[in-house]
1. State yes or no: is Ala73 touching a helix residue (DSSP H, G or I) at 6+ places or on another chain (Cβ under 6 Å), aliphatic (A, V, I, L, M) and outside the structural domain of Ile259 (by TED's automatic domain parsing)?
2. Filtering the stretch 201-242 down to residues that are hydroxyl-bearing (Ser, Thr, Tyr) and surrounded by 14 or more Cβ atoms within 10 Å (Cβ to Cβ), which residue is farthest from Val260 (Cα to Cα)?
3. Can we say Gly141 is out of contact with any Leu (no Cβ under 9 Å at 6 or more places or on another chain) and either surrounded by fewer than 17 Cβ atoms within 10 Å (Cβ to Cβ) or on the phi > 0 side of the Ramachandran plot (or both)?
4. Could you tell me whether the stretch 87-110 includes any residue that is of a type in the set (S, T, N, Q), closer than 22 Å to Asp196 by Cβ, in contact with a Leu (Cβ under 9 Å, 6 or more places away or on another chain) and surrounded by 19 or more Cβ atoms within 10 Å (Cβ to Cβ)?
5. Has the stretch 24-37 got any residue that is more than 26 Å from Cys235 (Cβ to Cβ) and touching a residue at least 40 places away in the same chain (Cβ under 8 Å)?
6. Considering only residues that are assigned to a loop (DSSP other than H, G, I, E, B) and under 18 Å from the mean Cα position of the chain (by Cα), which ones fall in the stretch 220-255?
7. Have a look at Ala169, Ala184 and point out the one that is surrounded by 16 or more Cβ atoms within 10 Å (Cβ to Cβ) and at pLDDT below 90.
8. Across the stretch 202-225, what is the number of residues that are free of Cβ contacts under 8 Å to residues at least 24 places away in the same chain and aromatic (Phe, Trp, Tyr)?
Amino acid sequence: MAWMIVSDSSCDIRELTPLAPGVQFALVPFKIRIGQREYVDLPTLNVPQMMQAMTDYNGASTSACPSPEEWAACFLQADQILAITISSNLSGSYNAAVAARQMVLEEHPDKQIFILDTLSCSGALAGAAALANQKIAAGAGFEEVCDAVIAYAEAGHILFSLASFENLAKNGRVSKVGGFIAGALNMGVLGRRTPDGKIDFFFKTRGESRVLARILEQMDRDGFDGSRSVMVSHCHNEKAAQLLCHGIQAKWPDTTVEIVPCSGLCSFYAQDQGLIVTY
C-alpha cells in the first residue's frame, strides 16, 4: 500500500529520500505576510530576502498555517498517511490537518490517516519523519509506525536561542523599549518547550558563548546521553551552530548532529542569529 509522510513546513527540512518503494514525502507550507506581500514557505523561498523585508517593514508581520484543503490534497495521494504538525498550542496547523482528515475519510473511509501533534517544532517533526521512513522500510505496519513516532515525540526536547527581538517587539510580544535594550546589551534568551507544547523563556544572559554553554548544560540536565540525533537549525548563524556542534560532540562523542538553515516559518520566529536545538 502507498504511504505518504507529510509535514507542515515548520520541520526545517526540505526533502526526505524514501527508503522503500511506494513512500512519498510532502510539505504543506506556512505563509508569512509582511506588509502587502505573502511569502510561501516552500523550498523555493528566498529566506534572506524575506528576513530583509521583515527588517525593512515597520509594521507587524503575521504567519498563517496550511489550510485543510492543502492537507487534504496530500492525504488523497496515498492509502496510509502520517501527518506531522507543529505544536497545536503554537499554531492551527494540527486543527487544519484534523479537519482535512474528516473531509477525506467521508469520501475515502478505507484510508488510514494519523496526525501527530509533536507539541514542538523544527527537528521534532524532521526526526519523526525520518523515523517513520526507517520503520516503513523495515516493514513496520501502520500502527507500529504511529506508536514509534508518538514515543519519539514524547521523549524529545527542544531549545530556542534568540538574539534578536525586533520582530517580537513589532508584533507586541515584548515592548519596543525592552526589545531595543535587549539588542543594545547583546542579550541572549533561551526558551524551552513546556509539557503542553508552549514556549517558556527561562534563561537570559549577555553574549552568545554563555548561551551556547547553557544549552549544553540544559541538555545534560535533561538527561541527554548522546544516543539520540541532534538537529541544530540556525537563522543566518552557521558559525554558532558549528560551535555548538563541536561542543555537543566533545561532550557526547558518538552523537550525530545535523545542522540546517531555518525554514521561512522558523526564521520568522527564531529571527536573525537565532538557533533551534532539538534532541
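The values are calculated or read from the model by the stated rules, or taken from the named source; none is laboratory data. In this text, all values refer to a predicted model and were calculated from it rather than measured experimentally. Backbone-built Cβ (ideal geometry, glycine too); neighbour counts: all protein chains shown.
1. Working: touching a helix residue (DSSP H, G or I) at 6+ places or on another chain (Cβ under 6 Å): no; aliphatic (A, V, I, L, M): yes; outside the structural domain of Ile259 (by TED's automatic domain parsing): yes.
So Ala73 does not fit the description; no.
2. Restricting attention to the stretch 201-242, the residues satisfying the condition of being hydroxyl-bearing (Ser, Thr, Tyr) are 205, 209, 227, 229, 233.
Those left that are additionally surrounded by 14 or more Cβ atoms within 10 Å (Cβ to Cβ): 205, 229, 233.
On the way: Thr205: 25, Ser229: 13, Ser233: 5 Å.
Residue satisfying both the conditions and the ranking: Thr205.
3. Values: out of contact with any Leu (no Cβ under 9 Å at 6 or more places or on another chain): yes; either surrounded by fewer than 17 Cβ atoms within 10 Å (Cβ to Cβ) or on the phi > 0 side of the Ramachandran plot (or both): yes.
Against the criterion (out of contact with any Leu (no Cβ under 9 Å at 6 or more places or on another chain) and either surrounded by fewer than 17 Cβ atoms within 10 Å (Cβ to Cβ) or on the phi > 0 side of the Ramachandran plot (or both)), Gly141 qualifies.
4. Step one: of the stretch 87-110, the residues of a type in the set (S, T, N, Q) are 87-89, 91, 93, 95, 102.
Going one step further and asking which of them are closer than 22 Å to Asp196 by Cβ, we end up with 87-89, 91, 93, 95.
From what is left, the residues that are in contact with a Leu (Cβ under 9 Å, 6 or more places away or on another chain) are 87-89, 91.
Still in the running and surrounded by 19 or more Cβ atoms within 10 Å (Cβ to Cβ): 87, 91.
Yes, some residue in the stretch 87-110 is of a type in the set (S, T, N, Q), closer than 22 Å to Asp196 by Cβ, in contact with a Leu (Cβ under 9 Å, 6 or more places away or on another chain) and surrounded by 19 or more Cβ atoms within 10 Å (Cβ to Cβ).
5. Yes, some residue in the stretch 24-37 is more than 26 Å from Cys235 (Cβ to Cβ) and touching a residue at least 40 places away in the same chain (Cβ under 8 Å).
6. Correct list: Arg228, Ser229, Cys235, His236, Asn237.
7. On the way: Ala184 fails: surrounded by 16 or more Cβ atoms within 10 Å (Cβ to Cβ).
Testing whether each residue is surrounded by 16 or more Cβ atoms within 10 Å (Cβ to Cβ) and at pLDDT below 90 leaves just Ala169.
8. Qualifying residue count for the region: 2.
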